[in-house]
Amino acid sequence: MNECKAIWRSILSQLEVMISTISFDLWFKDLVPYTIENDVLILVAPLNSFKKVPVQYADQIEAAIKASGSKVSGIEIITENEKDSFAPTETVEDKPVQDEESVNVFNPDYTFDSFVVGDNNALAVAAAKSVAEQPGKNHNPLFIYGGVGLGKTHIMHAIANYILEHDKNAHILYVTSEQFVNDYIDSLKNSDLTLKFRMKYRGVDVLMMDDVQFLSGKTGSQESLFHTFNDLYQFRKQIILTSDRHPRELASLEERLKSRFQSGLTIDVTKPNIETRIAILQKKAYMKKYDVSQKAVFFIAENITSNIRELEGALNKVVYFCSLSGRSTDDLDAVKEALKDDIDISTHVLSMDSITDAVCAYYGVKKADIVGKRKNKLISNARQMAIYLINDMIGVPLLTIGQFFGGRDHTTIMYARDKITDASKTDNLIKAQINDIRSMLEKK
Ligand code: ADP
Ligand code: MG
């Protein structure tokens with residue numbers, strides 16, 4: 001086993017008994033040991049907010065390191081995109097032999113069923129399914145690229161899970177490009193390892209290589225991958241690659257490898273829109289059996305827009321925070337408090353909630369009434385105004401607004417929006433009201 005992993009495992013086993021299970025699950029379980037630098041164990045966290053862990057749990061960490069008798073003096077937390085500055089260099093010394101069990105393991109939760117399809121990933125999913133149905137036949141190689149936390153690894157595992165479900169003998173190899181580099185370096189040590197390397201990579205039906213951007217500058221590994229690629233391709237074996245950017249933008253990558261990477265289908269995944277974000281949160285909550293309010297889901301989806309890993313992290317935090325503090329996820333103040341490190345609440349005044357609050361304050365009506373079923377004229381007018389402003393100011397799709405307003409049909413929402421839009425052109429009173437509420441919101 002790799003040294004960092006062993007060290008981290010023994011520190012973790014100490015920590016587990018020193019802190020509460022819930023804090024342990026929330027802050028320590030998802031950290032992945034990466035490397036050791038100047039005696040400090042570098043761990044990769046899924047979210048930026050984990051960076052406070054070494055400070056917040058300084059005493060426990062120090063005690064756990066001591067108790068485990070490990071040689072490191074402390075831990076440092078980085079995020080996925082900072083890995084570059086610590087990336088292992090291509091030297092023959094000091095590389096542990098690849099742990100066989102660490103490959104060929106697919107996350108059973110990463111399936112096509114658990115993946116929400118939206119505008120941002122529909123083409124990538126369609127291509128992935130067609131590859132999963134007929135590996136080596138349709139798109140070879142399949143190259144999926146896009147920013148961190150947008151579902152590339154999930155899609156890769158989904159392809160593997162699908163193939164294995166239909167053919168349990170299929171030989172699928174999943175590696176990160178870093179593992180490939182490590183294996184390549186090992187293969188230089190002696191002829192047995194060279195042979196082992198060849199058999200490992202060239203004897204597969206499907207080769208999946210995740211995050212190929214880490215091959216940049218590793219010329220030996222690139223050359224080796226080039227030959228592996230050609231071999232597999234020639235025998236119609238499926239190759240699937242992911243990267244954080246388009247192959248042509250991969251710096252320090254040999255031209256011939258870039259052109260191989262682009263010779264099949266190159267397709268991107270982008271950031272999800274708010275509708276997709278809501279659907280993803282609902283799916284994750286359902287899968288994890290979380291009891292989380294619709295209000296909290298909307299709030300998270302409105303405020304966490306960067307990527308899906310952060311979205312999931314925010315959902316976990318809200319659920320843990322509320323269960324620890326005994327508050328309901330329906331309580332927006334609790335939700336905001338749970339996420340105070342992740343979002344700047346003051347700059348996020350525009351949300352479905354804040355707009356609706358402003359409209360209620362302006363007309364003197366209750367929020368429960370306008371999101372509910374009541375129909376008197378004042379309430380209906382206020383509701384239509386809120387719908388119009390939400391759509392106009394933050395571009396939330398009609399379907400989502402319908403969900404927010406107590407599950408109303410999107411045609412009702414469209415009617416409300418169009419009614420106010422038309423009135424705003426001819427009716428001076430409505431025009432003035434729109435301006436008043438807008439300026440209330442903008443002043444906040
Ligand atoms: P990447 O490899 O692009 O950095 P991952 O595949 O690791 O991203 O995805 C990060 C997290 O987000 C995973 O937990 C994954 O299940 C989840 N995720 C990403 N996209 C979706 C989606 N469309 N539906 C459901 N979950 C998603
Ligand atoms: Mg990934």
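The values are calculated or read from the model by the stated rules, or taken from the named source; none is laboratory data. Small disclaimer: the values here were computed from a predicted structure and weren't measured. Virtual Cβ from ideal backbone geometry, glycine too; neighbours counted across all protein chains shown. Note: accessible area is taken over every heavy atom of the protein model, side chains too, but ligands, DNA and RNA are not part of it. Shrake-Rupley method; radii C 1.70, N 1.55, O 1.52, S 1.80 Å.
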* Structure fact -> Ala368 passes all but one of the listed conditions (1) in a helix (DSSP H, G or I); (2) open to solvent by 60 Å² or more (accessible area, probe 1.4 Å); (3) outside the structural domain of Asp392 (by TED's automatic domain parsing); (4) away from ligand 2 (no atom under 16 Å from the Cβ); the exception is number (3)
* Structure fact -> Matching residues in the stretch 1-14 (within 16 Å of Ile77 (Cα to Cα) and over 26 Å from the mean Cα position of the chain (by Cα)) number 2
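Just checking: which of the helices (runs of 4 or more DSSP H) contained wholly in the stretch 228-347 hold 1 or more residues that are open to solvent by 50 Å² or more (accessible area, probe 1.4 Å) and not charged (D, E, K, R)? Quick ask: steps written out before the conclusion?
Values: elements: 255-261, 274-287, 294-303, 308-325, 332-338.
In the stretch 228-347, the matching helices (runs of 4 or more DSSP H) lie at 255-261, 274-287, 294-303, 308-325.
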* the stretch 280-292 residues that are within 11 Å of ligand 1 (Cβ to nearest atom), paired with ones that are of a type in the set (Gly, Ala, Ser) and assigned to a helix (DSSP H, G or I) (beta carbon under 6 Å, 6 or more apart) -> Leu281/Ala301
* Structure fact -> Subset of the stretch 1-13, residues open to solvent by 20 Å² or more (accessible area, probe 1.4 Å) and touching a residue at least 12 places away in the same chain (Cβ under 8 Å), comes to Met1, Asn2, Glu3, Lys5, Ser10, Leu12, Ser13
* Asked: Among (1) away from ligand 2 (no atom under 16 Å from the Cβ); (2) in contact with a helix residue (DSSP H, G or I) (Cβ under 8 Å, 6 or more places away or on another chain), where does Gln213 come up short?
  -> (1)
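Restricting attention to the stretch 397-415, report how many residues are part of a loop (DSSP other than H, G, I, E, B) and open to solvent by less than 50 Å² (accessible area, probe 1.4 Å).
To start, the set of residues in the stretch 397-415 that are part of a loop (DSSP other than H, G, I, E, B) comprises 397, 405-409.
Pick out the ones that are also open to solvent by less than 50 Å² (accessible area, probe 1.4 Å) and you get 397, 405-406, 408.
Of the residues in the stretch 397-415, 4 are part of a loop (DSSP other than H, G, I, E, B) and open to solvent by less than 50 Å² (accessible area, probe 1.4 Å).
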* Mind counting the residues in the stretch 210-227 that are surrounded by 14 or more Cβ atoms within 10 Å (Cβ to Cβ), part of a helix (DSSP H, G or I) and not hydrophobic (A, V, I, L, M, F, W, C)? => 6
* Structure fact -> Scanning the stretch 190-209 for residues that are open to solvent by less than 60 Å² (accessible area, probe 1.4 Å) and closer than 13 Å to Leu225 by Cα, the one farthest from the chain's Cα centre (by Cα) turns out to be Phe197
* Asked: So which of Glu80, Glu37, Glu16 is without any contact (Cβ under 8 Å) to a residue 40 or more places away in the chain, open to solvent by 30 Å² or more (accessible area, probe 1.4 Å) and of a type outside the set (S, T, N, Q)?
  -> Glu16
* Residues being within 12 Å of ligand 1 (Cβ to nearest atom), assigned to a loop (DSSP other than H, G, I, E, B) and open to solvent by less than 20 Å² (accessible area, probe 1.4 Å) - total across the stretch 146-171 -> 4
* Quick check, is Phe143 open to solvent by less than 30 Å² (accessible area, probe 1.4 Å), among the aromatic types (Phe, Trp, Tyr) and away from ligand 1 (no atom under 15 Å from the Cβ)? -> no
* For the stretch 111-124, which residues satisfy the criterion of being open to solvent by 70 Å² or more (accessible area, probe 1.4 Å) and modelled with pLDDT of 95 or more? -> Asp113, Val117, Leu123
* To do: Take Lys51 and decide whether it is open to solvent by 30 Å² or more (accessible area, probe 1.4 Å), under 16 Å from Leu12 (Cα atoms) and either away from ligand 1 (no atom under 16 Å from the Cβ) or in contact (Cβ under 8 Å) with a residue 12 or more places away in the chain (or both).
  => no
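Take the residues in the stretch 125-140 that are in a helix (DSSP H, G or I) and open to solvent by 70 Å² or more (accessible area, probe 1.4 Å), then tell me which one is farthest from Leu164 (Cα to Cα).
Within the stretch 125-140, the subset in a helix (DSSP H, G or I) is 125-133.
Next, only the ones that are open to solvent by 70 Å² or more (accessible area, probe 1.4 Å) stay: 129, 133.
Values: Lys129: 13, Glu133: 11 Å.
Ranking the qualifying residues of the stretch 125-140, first place goes to Lys129.
Determine, yes or no, whether Ser187 is of a type outside the set (D, E, K, R), within 16 Å of ligand 2 (Cβ to nearest atom) and either outside the structural domain of Gly220 (by TED's automatic domain parsing) or crowded, with 19+ Cβ neighbours inside 10 Å (or both). Talk me through it step by step, then tell me what you get.
Details: of a type outside the set (D, E, K, R): yes; within 16 Å of ligand 2 (Cβ to nearest atom): no; either outside the structural domain of Gly220 (by TED's automatic domain parsing) or crowded, with 19+ Cβ neighbours inside 10 Å (or both): yes.
Criteria not met by Ser187.
Do we have Tyr174 as away from ligand 1 (no atom under 13 Å from the Cβ) and among the hydroxyl-bearing types (Ser, Thr, Tyr) here? Before you say what the answer is, go through the steps one by one.
Details: away from ligand 1 (no atom under 13 Å from the Cβ): no; among the hydroxyl-bearing types (Ser, Thr, Tyr): yes.
Criteria not met by Tyr174.
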